[in-house]
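The values are calculated or read from the model by the stated rules, or taken from the named source; none is laboratory data. Predicted model only: the values in this text are computed from it and were never measured. Counting neighbours? That spans all protein chains shown, and the Cβs are built from the backbone with ideal geometry, glycine included. Side chains are part of the model used for accessible areas, which takes the heavy atoms of the whole protein and leaves out ligands, DNA and RNA. Shrake-Rupley method; radii C 1.70, N 1.55, O 1.52, S 1.80 Å.
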Protein chains: 2
Amino acid sequence: MSHPAPIDFWFDFSSPFGYLMAEKIDAVAAAHGRSVRWRPFLLGAVYKHTGGIPLTETPLKGVYSVRDIARSARYLGVPFAMPSPFPVATQHAARVFHHLDASDPAAARDFALAVLRAFFVEGRDISALDTVLDIAQALHHARDAIAVAAGSAEVKARLKSVCDEALQLGIFGSPYVIVDGEPFWGVDRLPQIERWLETGGF
Amino acid sequence: MSHPAPIDFWFDFSSPFGYLMAEKIDAVAAAHGRSVRWRPFLLGAVYKHTGGIPLTETPLKGVYSVRDIARSARYLGVPFAMPSPFPVATQHAARVFHHLDASDPAAARDFALAVLRAFFVEGRDISALDTVLDIAQALHHARDAIAVAAGSAEVKARLKSVCDEALQLGIFGSPYVIVDGEPFWGVDRLPQIERWLETGGF
């Protein structure tokens with residue numbers, strides 16, 4: 001039996017629905033014998049090209065979305081508290097992720113979940129490099145080495161390349177999951193992802 | 001036992017996800033002993049205030065949405081073919097609806113479903129008054145009387161008042177369902193609507 005390709009899970013660390021998907025996608029994939037490749041990118045870099053604006057700042061929809069995000073978290077049984085300020089810059093978190101991911105994807109995923117929970121449950125300021133390093137250190141990574149890597153030209157270029165790839169793929173929002181070429185935007189597409197995995201497409 | 005208030009179902013006749021909701025919401029409501037008040041409005045009137053643009057014309061998201069709409073229809077088991085041109089003006093259909101609704105809400109709902117299916121299954125041009133009158137006539141309404149009513153100042157004012165109410169309620173998209181004051185935007189919120197009806201809120 002051949003190994004199926006991993007599912008690609010694109011998200012921004014400041015995306016509430018991205019956080020909810022992060023808490024769910026691995027289990028959904030595993031139930032169908034699939035692994036997940038986590039791909040954090042910078043939604044702001046995409047918005048520069050598309051003219052998109054943060055959901056909560058959209059007229060009328062912004063007010064609704066705050067309610068909808070909290071309700072969706074309750075619906076999915078995921079702890080959530082709307083952070084403030086919101087949204088925040090996420091390049092430090094994304095760079096540390098991609099540094100870790102190059103040698104240890106599982107450690108990178110654990111770090112990503114810890115960052116998302118720090119922001120969306122504990123309300124910590126994940127835009128600050130210090131917070132990001134605190135989180136990495138708590139996971140037993142060497143703080144100084146992580147700080148050097150996060151500021152390196154190589155890791156900055158890697159994140160830029162990931163964002164370019166997102167743009168090339170037409171990714172306009174977070175979360176964005178790709179299963180065998182089929183794109184699914186939003187945590188509310190989880191039921192469709194499950195059926196796609198069950199049936200191989202419908 | 002007191003009668004619970006009806007669920008409010010807001011939609012635009014040119015909204016694909018509004019069409020999908022129209023095929024589902026009555027059965028979901030009835031399963032919980034609830035009725036549905038159909039409230040077609042003009043999304044264009046709202047977009048004038050919010051700066052919204054049609055989903056399919058949004059950069060990147062537009063390409064995705066065409067695929068997502070067709071897939072969502074298959075997921076829900078609802079017949080669907082993307083009409084062209086799209087979107088179209090829907091004031092004639094909305095006016096005839098509100099004329100019928102004043103005296104016979106069930107007949108108005110049957111008319112609305114027929115219009116939605118004419119557009120989203122048969123690809124007929126529902127922006128044309130003649131098409132709308134053909135649909136009404138096929139449902140045994142008197143074509144001439146409907147034509148007069150649809151052009152009357154009274155019915156035009158009624159639709160305008162419905163659109164003003166949508167704006168006052170902060171409705172920014174279609175479909176938009178309100179259950180006991182709780183708003184749900186999008187056919188993908190059906191599972192949350194079902195849980196809300198089951199539990200009285202979560």
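Numbers for the structure displayed
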| item | result |
| --- | --- |
| Set A:Leu100, A:Leu43: member being under 18 Å from A:Ile178 (Cβ atoms) and surrounded by 22 or more Cβ atoms within 10 Å (Cβ to Cβ) | A:Leu43 |
| Search result, residues across the stretch B:159-202 that are assigned to a helix (DSSP H, G or I) and among the hydroxyl-bearing types (Ser, Thr, Tyr) | B:Ser161, B:Thr199 |
| Among residues of the stretch A:125-158, those that are touching a Phe, Trp or Tyr at 6+ places or on another chain (Cβ under 8 Å) and assigned to a helix (DSSP H, G or I), counted | 2 |
| Residue match in the stretch A:181-190 (condition: more than 12 Å from chain B (Cβ to nearest Cβ) and modelled with pLDDT of 95 or more) | no |
| Enumeration of residues in the stretch B:159-178 that are surrounded by fewer than 18 Cβ atoms within 10 Å (Cβ to Cβ) and either out of contact with any Leu (no Cβ under 6 Å at 6 or more places or on another chain) or among the aliphatic types (A, V, I, L, M) (or both) | B:Lys160, B:Ser161, B:Asp164, B:Glu165, B:Leu167, B:Gln168, B:Leu169 |
| Matching residues in the stretch B:50-69 - criterion: being in a helix (DSSP H, G or I), more than 7 Å from chain A (Cβ to nearest Cβ) and among the polar types (S, T, N, Q) | B:Thr56, B:Ser65 |
| Residue check, A:Phe97 more than 14 Å from chain B (Cβ to nearest Cβ) and touching a residue at least 40 places away in the same chain (Cβ under 8 Å) | yes |
| Residue in the stretch B:39-46 that is away from chain A (no Cβ under 14 Å), within 18 Å of the chain's Cα centre (by Cα) and in a loop (DSSP other than H, G, I, E, B) present | yes |
| Residue in the stretch B:152-161 that is over 26 Å from B:Ile53 (Cα atoms) and within 14 Å of chain A (Cβ to nearest Cβ) present | no |
| Matching residues, the stretch A:100-116, being free of Cβ contacts under 8 Å to residues at least 24 places away in the same chain and not aliphatic (A, V, I, L, M) | A:Ser103, A:Asp104 |
| Every residue from the stretch B:83-103 that is among the aliphatic types (A, V, I, L, M) and more than 16 Å from the chain's Cα centre (by Cα) | B:Ala102 |
| Test set (1) of a type outside the set (A, V, I, L, M); (2) at the interface with another protein chain (Cβ under 10 Å from one of its Cβ atoms); (3) part of a loop (DSSP other than H, G, I, E, B); (4) closer than 21 Å to B:Val28 by Cβ - B:Ser72 fails condition number | (3) |
| Qualifying residue in the stretch A:13-36 (condition: assigned to a strand (DSSP E or B), open to solvent by 10 Å² or more (accessible area, probe 1.4 Å), among the acidic types (Asp, Glu) and more than 14 Å from chain B (Cβ to nearest Cβ)) | no |
